[in-house]
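The values are calculated or read from the model by the stated rules, or taken from the named source; none is laboratory data. All figures in this text were calculated on a predicted structure; none of them were measured in a lab. Positions of Cβ are generated from backbone atoms using ideal geometry, with glycine treated the same way; all protein chains shown enter the neighbour counts. Heavy atoms of the whole protein, side chains included, go into the accessibility calculation; ligands, DNA and RNA do not. Shrake-Rupley method; radii C 1.70, N 1.55, O 1.52, S 1.80 Å.
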Amino acid sequence: MPPSIEAAPERVTFPVEGMTCAACQSFVQRTLEQQPGVDSANVNLLLNNATVVFHPEVITTDSLVQAVNATGYEAHMPQSGQSSVAAQEQHQHDAAEEYSALRIKAAFTLAAGAIAMLVSMPLMRGAGHADALADPLLRWQMRVLDPLFEALMPWLYRIPTVALSYGLLALTVTVMLWTGRVFYIKAWSALKHKTADMNTLIALGTGSAFVFSAAATLAPAWFRAHGLQPDVYYEAVILIIALILIGNALEARAKQQTASALAALTRYQPPSARVERNGVEGDIPIEELRLSDTVIVRPGERVPADGIVSVGGSSVDESMLTGESLPVAKKPGDRVIGGTMNGTGAFRFRVAALPAESVLAGIVRLLREAQSTRAPIQNLADRISAIFVPVVVSIAALTAIVWYFASPQGGGGQSIAAAVSVLIIACPCAMGLAVPAAVMVATGRGASAGILIKGGEALQRLESVDTVVFDKTGTLTVGKPTVEIIETASGFDANEMLRLAASIEQSSEHPLAAAVVEAAANRKLVLAAPEDFESHPGQGVAGKIEGRTVAVGNAPFLAGLGATIPDLAGAANLFVAIDGYYAAAITVADAMKPTSVAAVRSLRSRNLHVVLLSGDNESAARRVAAEAGIDEVVAGVLPAGKVDVIRKLQSEGRVVLMAGDGVNDAPAIAQADIGVSMASGSDVTLEAGDLTLMRNDLRGIAQAITLSRGAMRVIRQNLFWAFAYNAVSIPIAAGVLYPAFGLLLSPVLASAAMAMSSVSVVANSLRLGRWNLEGK
């Protein structure tokens with residue numbers, strides 16, 4: 001019997017090398033999803049990695065890696081104990097090396113292609129290329145370049161064509177064995193594993209052109225005896241490889257640019273820290289920092305780790321975390337975050353978190369995970385990619401057969417050229433990059449503005465949000481209630497009532513209790529110790545103070561104790577009873593955040609419905625709603641009731657975003673379609689919600705929705721052009737325009753078009769890095 005799956009699943013991300021197109025990505029993902037014990041798998045072509053949710057009691061991480069390796073692609077486990085910052089730095093280093101290697105190979109192959117094209121000119125005048133008059137590229141070569149080259153290099157045209165053909169054969173073999181070798185190795189590996197990908201198309205296209213050309217070079221008489229032109233396509237083979245390598249190099253460069261936000265984050269972490277140990281100061285690598293080390297930060301330096309200021313003070317620029325440009329003052333007892341920039345002061349701090357566990361490392365890890373997730377819209381591209389290559393190979397074979405029998409010049413050469421064009425132009429690279437490129441750039445753009453979006457699914461859901469629900473305390477308001485008004489019953493003194501109320505409330509942890517205690521402290525009132533203290537959650541507290549029975553709470557609580565509460569006007573939300581008699585009404589208010597009104601206005605301008613959901617009384621909640629510009633208010637709701645409100649809105653067909661403090665509102669945030677948690681840079685809960693605002697500014701919600709709408713627009717553009725490109729280009733490459741216009745598409749032009757399709761998708765996605773978040 002298989003083991004029962006009881007333990008919580010684990011998540012692992014590991015690199016996968018060798019993927020070149022959407023078909024590769026789809027094949028590796030299907031392989032992982034089919035493994036026992038795997039709940040889900042996502043393979044990212046852009047990041048060259050796989051993220052798997054699995055049950056470790058059923059399958060191990062080593063088995064997952066082996067399953068990928070068995071498909072012909074190369075996977076390995078990430079280094080154990082490596083921080084997310086170090087892992088990202090390694091990824092950037094590997095990407096830079098890949099780009100450099102591709103650039104060198106592309107330059108060499110392009111130079112070889114230019115030589116091959118030059119050497120091929122005399123051959124075209126003779127037996128070669130019966131399709132020259134139909135192909136616009138070859139026609140231009142014959143009309144413009146051929147007379148020019150003959151005038152400049154007449155000696156070239158005097159060399160025997162046999163010698164030129166053999167020279168081209170040697171040059172082509174050199175290119176195929178060095179710069180093009182990887183395509184053939186990967187295609188063979190895919191064939192052994194009964195699959196097909198971009199490399200299959202490239203290998204079939206260039207391989208068939210090479211075999212035909214080599215046969216025409218070695219046995220031209222056989223071709224002529226069978227009524228075929230001994231055409232050679234060596235320059236096409238070399239230029240196809242060159243253009244594909246150029247496209248890969250441009251794609252690799254564009255991939256690096258999509259990760260610019262992550263690259264910037266890793267650069268914020270300084271490599272060393274000045275530490276005082278045993279009275280001696282010295283610089284050490286940050287990897288050697290220990291908890292409670294004393295670190296010295298001088299003016300203009302970056303803070304090397306998270307910690308608590310112990311001596312000195314300064315203003316610290318935390319914009320790399322929050323997007324907020326104003327520096328934050330730091331004094332002893334305040335927390336500082338690794339990677340932030342110190343101003344003109346100097347201070348010392350105690351290390352509170354090692355670099356691998358810092359806020360910066362957490363943000364980098366979050367972004368890496370977010371960019372490794374998939375948006376649901378990507379499923380369409382995956383379904384097409386899974387069958388795409390076999391369909392293309394079939395179309396290419398049919399194209400070759402039709403041209404062989406239909407070509408007026410004798411179809412051998414032209415059938416090969418048309419089939420090669422179909423194979424090359426149809427590579428599904430653009431489809432594989434359409435979604436992850438946009439997700440990667442969009443999440444990076446959000447992070448640069450202090451908005452952390454938890455992956456492609458959250459990014460896509462954000463676009464559909466039509467209702468935004470706000471908690472009141474700590475979300476719309478500052479979160480620090482203060483006593484504004486004390487109204488006493490006849491015969492009671494205001495200060496005495498406040499002293500008694502504060503004496504009983506000092507044992508409570510409720511925010512309103514803290515406000516009452518602070519008001520008493522501000523008036524320098526001396527509090528007494530409570531006796532027989534009782535707390536009634538959600539209602540109030542009671543006990544004895546100096547022999548008198550004191551109760552503080554909401555109106556129903558005091559009424560239940562026998563106190564008669566008068567029908568008071570105003571926003572009083574806390575009442576005091578002494579020895580069972582009503583004594584005072586206290587109005588405790590929470591100031592509105594300076595940015596909340598603008599945030600609500602921005603959301604309403606985007607045609608979003610805004611709701612205030614509060615556990616406070618109706619009067620206090622409506623006062624805040626009126627100030628913020630919110631029409632719909634649901635007040636007096638406990639945490640469980642907030643979940644019911646969210647469900648009711650969803651049952652009406654609304655897509656709900658819920659923003660709260662991430663603690664009391666956690667159930668409602670989890671129930672919402674999009675949950676938003678608030679953070680402050682130095683106290684960030686990265687795991688809460690689908691969206692985290694790194695600064696306490698609700699305007700980030702409208703910005704996130706704007707970014708989501710822009711990202712989904714770009715993704716749809718990418719997918720449309722990727723599909724449209726293949727839908728239009730494959731028939732043209734097959735020769736559908738030839739009967740009406742006498743036009744064909746050469747393999748060289750096909751390879752250029754294929755390369756540019758991938759680059760255009762990534763370039764379109766890069767626009768999101770400069771997206772205006774204040775738009776609609």
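If only one of I424, I387 is hydrophobic (A, V, I, L, M, F, W, C), at pLDDT below 85 and open to solvent by less than 10 Å² (accessible area, probe 1.4 Å), which one is it?
When all the criteria are applied, what remains is I424.
Could you grab me the full set of residues in region 578-628 that are open to solvent by 40 Å² or more (accessible area, probe 1.4 Å) and hydrophobic (A, V, I, L, M, F, W, C)?
Answer for region 578-628, where residues must be open to solvent by 40 Å² or more (accessible area, probe 1.4 Å) and hydrophobic (A, V, I, L, M, F, W, C): A591, V597, A626.
Output the residue which, of all residues in region 194-234 that are of a type in the set (D, E, K, R) and open to solvent by less than 10 Å² (accessible area, probe 1.4 Å), is nearest to L168 (Cα to Cα).
Of everything passing the filter in region 194-234, D231 is nearest to L168 (Cα to Cα).
Among E487, E505, which is crowded, with 22+ Cβ neighbours inside 10 Å and charged (D, E, K, R)?
Going through E487, E505 in turn, the sole match is E505.
Say whether the condition of being touching a helix residue (DSSP H, G or I) at 6+ places or on another chain (Cβ under 6 Å), modelled with pLDDT under 75, open to solvent by 60 Å² or more (accessible area, probe 1.4 Å) and assigned to a helix (DSSP H, G or I) is met by at least one residue in region 118-129.
No, the conditions are met nowhere in region 118-129.
Yes or no, residue by residue, for (1) over 28 Å from S758 (Cα atoms); (2) open to solvent by less than 40 Å² (accessible area, probe 1.4 Å):
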residue: L46; (1), (2): no, yes
residue: D62; (1), (2): yes, no
residue: N69; (1), (2): no, no
residue: E98; (1), (2): no, no
residue: R103; (1), (2): no, no
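Scan region 691-715 for residues that are in a helix (DSSP H, G or I), open to solvent by 10 Å² or more (accessible area, probe 1.4 Å) and in contact (Cβ under 8 Å) with a residue 12 or more places away in the chain and jot them down.
Correct list: R699, Q703, R709.
How many residues does region 8-44 hold that are surrounded by fewer than 19 Cβ atoms within 10 Å (Cβ to Cβ), within 18 Å of S189 (Cα to Cα) and in contact with a His (Cβ under 9 Å, 6 or more places away or on another chain)?
Going through region 8-44 one residue at a time, the tally reaches 1.
Give the residues of region 444-459 that are outside any loop (DSSP other than H, G, I, E, B) and among the aliphatic types (A, V, I, L, M), sorted by residue number.
A447, I451, L452, I453, A458, L459
Being in contact with a strand residue (DSSP E or B) (Cβ under 9 Å, 6 or more places away or on another chain), more than 30 Å from A563 (Cα to Cα) and not in a helix (DSSP H, G or I) is true for just one of V588, V645, V610. Which residue is that?
V610
Residues to consider are T477, T473, T564; find the one that is in contact (Cβ under 8 Å) with a residue 40 or more places away in the chain, open to solvent by 30 Å² or more (accessible area, probe 1.4 Å) and of a type in the set (S, T, N, Q).
Only one candidate qualifies: T473.
Which one of the conditions (1) farther than 30 Å from I701 by Cβ; (2) in a helix (DSSP H, G or I) does S508 fail to meet, given that it meets all the rest?
Among (1) farther than 30 Å from I701 by Cβ; (2) in a helix (DSSP H, G or I), S508 violates only (2).
Looking at this structure, is A555 modelled with pLDDT under 90, in contact with a Pro (Cβ under 9 Å, 6 or more places away or on another chain) and open to solvent by 30 Å² or more (accessible area, probe 1.4 Å)?
no
Have a look at F533, F557 and point out the one that is more than 20 Å from A489 (Cβ to Cβ) and either of a type in the set (F, W, Y) or free of Cβ contacts under 8 Å to residues at least 24 places away in the same chain (or both).
Of the residues listed, the single one that is more than 20 Å from A489 (Cβ to Cβ) and either of a type in the set (F, W, Y) or free of Cβ contacts under 8 Å to residues at least 24 places away in the same chain (or both) is F533.
Go through region 269-325 and give me each residue that's open to solvent by 70 Å² or more (accessible area, probe 1.4 Å) and within 16 Å of A356 (Cβ to Cβ).
Once the filter is applied, which keeps residues that are open to solvent by 70 Å² or more (accessible area, probe 1.4 Å) and within 16 Å of A356 (Cβ to Cβ), region 269-325 yields P271, E287, E288, R290, L291.
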